[in-house]
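**Q** This is the structure I want to talk about, given as structure tokens.
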Amino acid sequence: MIEQKSSFVTDFLQRRAQLTPDRLAVRDTIAGRDITYAAWNAQANQTANFLRSLGVSEGDRVAVLATNSMAYMDVWMACGKIGAILQNLNWRLAPAELEGLIHDAGPRVLIYSDEFIDVVNALRPAIPGVRHFVAMNQPAVPAAPADPPFAERDAHPTELAAPRPDLEWDAPWVICYTGGTTGLPKGAILSHGNMTWNSINTVMSWGLDQNDVSILTSPLFHTGGLNVFTLPLIHCGGASILCRGFDPDQVFDLIEGGDVTLFFGVPTMFVVLQGHPRWPQADFSRLKLVISGGAPCPMPVFERFWAKGVDFKTGYGLTEAGPNTFWLPGPDVRRKPGAVGFPLMHVDVCAVRPDGSVCAAGEPGELLIRGPHVTPGYWNNPAATAQAIVDGWLHTGDLAVCDDEGYYTIVGRLKDMIISGGENVYPAEVESVMYRHPAIKEAALIGVPDDKWGEVGRAVVVVEPGKALDETSLIAFLREQLARYKVPKSVVFVDALPKTGAGKIDKKALVEQYGN
């Protein structure tokens, strides 16, 4: 008689390969090949056997410091097969920051791509707990002669050499680090249950199916790369087009190819696309879903898509919850501009005041989320876990408004909100107006101290090449469209705005540079 466990965790890739072995799983633009689900499952099994040969077992961490590649995808799936935990490291961090994260998770193995040989060599003496370093790309000059190449996995069987462990839903699959505003970033634990429920919510609420194809440009060290579309598409049998990163010409080429139905990006990516010479001729009408996330999206970006007849919309998510949380029905995209809509099928949300009471319709408050897609907590950080998750509710630190019809709109970060003379100023609102100015390429608003008002806004602006703009003209433009207290009191012109690893505007860096 078979003993039944209290839960059952699916091997996503194994099951999908059984159900639809010959369907396209990944179009790898980096290596120039198409991979079926059967082929992907076979090489992920080889990768799992390779990791086991390095001593990796259930609960062990496997760190990856690499740009997007099929090998990276294989390691992610292999960790799920053997109960190991992927630590997907942000390659934009400095060696000192990476050292802290590696000490935090204590990985047994660190797999790196050749771009980061120098970083790995700098880290080696400081991370003696790492037993094996693996060279993902077999560089011409290896980081060290003793580092085994990732290609050694090809000598392993295409079936799991040992039975897959019986995993519980709360078993960690990924430790995904948040951006962090102070100190060491927090490692959000994404369990098998969290990632499965995010996938269920996405497929059921967003209407994904086996005919869908997404462009995967988001970095795999970010929850957006793993969970916005990639895992949900495995769940329903769709396909991903794997790209090394975001290249606007490549995106235009792929969309022109006619196979793509889904595209997710952060606002800066859409700003770049709309400023590109190919934008006027680009046809997005064949796509089922074009969605922005990760940060507030300026309204002009919406309007330029709508002018093309595309129901462009914004989503909302965060590392600790899914990330997919809301859906705005198509008929409401223009009626509720900028709204994220309703919570997904198995998600509960509310907006609350500082005292914990629920906000009235139209009143901004902190967004709280609960559901099986929410992280159980932060790795090795019970204090941060207790602060973020209270009575089952995740306190997001984001400000949301629920209108009298039940539609939610994200108005900004609680920590980014500027309180000027007792009035709340939401940077996303001001930034959206700044993007309407024809001379502005990029813009951000930060708060700076002020003797009279306590705090006032400061605009940090990148001007379009070949165009002119000065502080007086911009402030006059904003005064025509905003209440006086919302208008920034100063403007800083820069060549480019700093970006995070996920491509979002880095407000922390802006405050450090221009916030005094």
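The values are calculated or read from the model by the stated rules, or taken from the named source; none is laboratory data. If you're wondering where the values come from, they're calculated on a predicted model, not measured in any experiment. So basically every Cβ, Gly included, is an ideal-geometry build from the backbone, and we count neighbours across all protein chains shown. With ligands, DNA and RNA removed, areas are computed over all heavy atoms of the protein, side chains included. Shrake-Rupley method; radii C 1.70, N 1.55, O 1.52, S 1.80 Å.
**Q** State all residues of the range 328-345 that are crowded, with 23+ Cβ neighbours inside 10 Å and either among the basic types (Lys, Arg) or in a strand (DSSP E or B) (or both); if no residue qualifies, say none.
**A** None; the set is empty.
**Q** Kindly provide the set of residues from the range 246-263 that are open to solvent by 30 Å² or more (accessible area, probe 1.4 Å), under 11 Å from VAL213 (Cβ atoms) and assigned to a loop (DSSP other than H, G, I, E, B), ordered by number.
**A** GLY258, ASP259
**Q** Further question: Consider the range 492-516. How many of its residues are open to solvent by 70 Å² or more (accessible area, probe 1.4 Å) and out of contact with any strand residue (DSSP E or B) (no Cβ under 8 Å at 6 or more places or on another chain)?
**A** 3
**Q** Can you go through ALA361, ALA307 and tell me which one is small (Gly, Ala, Ser), open to solvent by 50 Å² or more (accessible area, probe 1.4 Å) and free of Cβ contacts under 8 Å to residues at least 12 places away in the same chain?
**A** One residue alone meets the criteria, ALA307.
**Q** Those residues that are open to solvent by 40 Å² or more (accessible area, probe 1.4 Å) and out of contact with any helix residue (DSSP H, G or I) (no Cβ under 6 Å at 6 or more places or on another chain), I need them from the range 367-378; list them, please.
**A** Scanning the range 367-378 gives ARG370, PRO376.
**Q** Right, VAL130: modelled with pLDDT under 95, assigned to a loop (DSSP other than H, G, I, E, B) and more than 19 Å from ASN49 (Cβ to Cβ) or not?
**A** Considered against the rule, which asks whether it is modelled with pLDDT under 95, assigned to a loop (DSSP other than H, G, I, E, B) and more than 19 Å from ASN49 (Cβ to Cβ), VAL130 comes out as no.
**Q** Could you check the range 21-31 and list, in sequence order, the residues that are over 25 Å from the mean Cα position of the chain (by Cα) and not basic (Lys, Arg)?
**A** Across the range 21-31, the qualifying residues are PRO21, ASP22.
**Q** Can you say whether VAL251 is closer than 27 Å to PRO232 by Cα, modelled with pLDDT of 95 or more and not charged (D, E, K, R), as far as the supplied structure shows?
**A** Considered against the rule, which asks whether it is closer than 27 Å to PRO232 by Cα, modelled with pLDDT of 95 or more and not charged (D, E, K, R), VAL251 comes out as yes.
**Q** Would you pick out the residues in the range 36-81 that are more than 28 Å from THR20 (Cα to Cα) and in a helix (DSSP H, G or I)?
**A** Of everything in the range 36-81, just one residue is more than 28 Å from THR20 (Cα to Cα) and in a helix (DSSP H, G or I), namely SER53.
**Q** So for the range 205-217 (the condition being part of a helix (DSSP H, G or I), at pLDDT 95 or above and open to solvent by 10 Å² or more (accessible area, probe 1.4 Å)), does at least one residue qualify?
**A** yes
**Q** Look through ASP348, ASP398, ASP355 and report the one residue that is out of contact with any Phe, Trp or Tyr (no Cβ under 7 Å at 6 or more places or on another chain), of a type outside the set (Val, Ile, Thr) and buried (at least 18 other Cβ atoms within 10 Å of the Cβ).
**A** Answer to the check: ASP398.
**Q** Another question about this same structure. When you check ASP114 against the structure, is it among the charged types (D, E, K, R) and within 29 Å of ILE255 (Cβ to Cβ), yes or no?
**A** So ASP114 fails the test.
**Q** Residues CYS243, CYS236: which one is open to solvent by 20 Å² or more (accessible area, probe 1.4 Å) and in contact (Cβ under 8 Å) with a residue 12 or more places away in the chain?
**A** CYS236
**Q** Still on this structure, please answer the following. Does LYS489 satisfy the condition of being of a type in the set (Lys, Arg) and open to solvent by 80 Å² or more (accessible area, probe 1.4 Å)?
**A** So LYS489 passes the test.
**Q** Condition first: of a type in the set (A, V, I, L, M) and in contact with a His (Cβ under 7 Å, 6 or more places away or on another chain). Now tell me which residues in the range 353-387 satisfy that.
**A** Of everything in the range 353-387, just one residue is of a type in the set (A, V, I, L, M) and in contact with a His (Cβ under 7 Å, 6 or more places away or on another chain), namely LEU368.
**Q** Please go through the range 83-96 and give me each residue that is surrounded by fewer than 24 Cβ atoms within 10 Å (Cβ to Cβ) and at pLDDT 95 or above, ordered by number.
**A** Within the range 83-96, GLY83 is the sole residue that qualifies.
**Q** While we're looking at this one, here's another question. Could you list, in sequence order, all residues of the range 334-349 that are touching a residue at least 24 places away in the same chain (Cβ under 8 Å) and either in contact with a Gly (Cβ under 9 Å, 6 or more places away or on another chain) or small (Gly, Ala, Ser) (or both)?
**A** GLY338, ALA339, VAL340, GLY341, PHE342, PRO343, LEU344, HIS346, VAL347, VAL349
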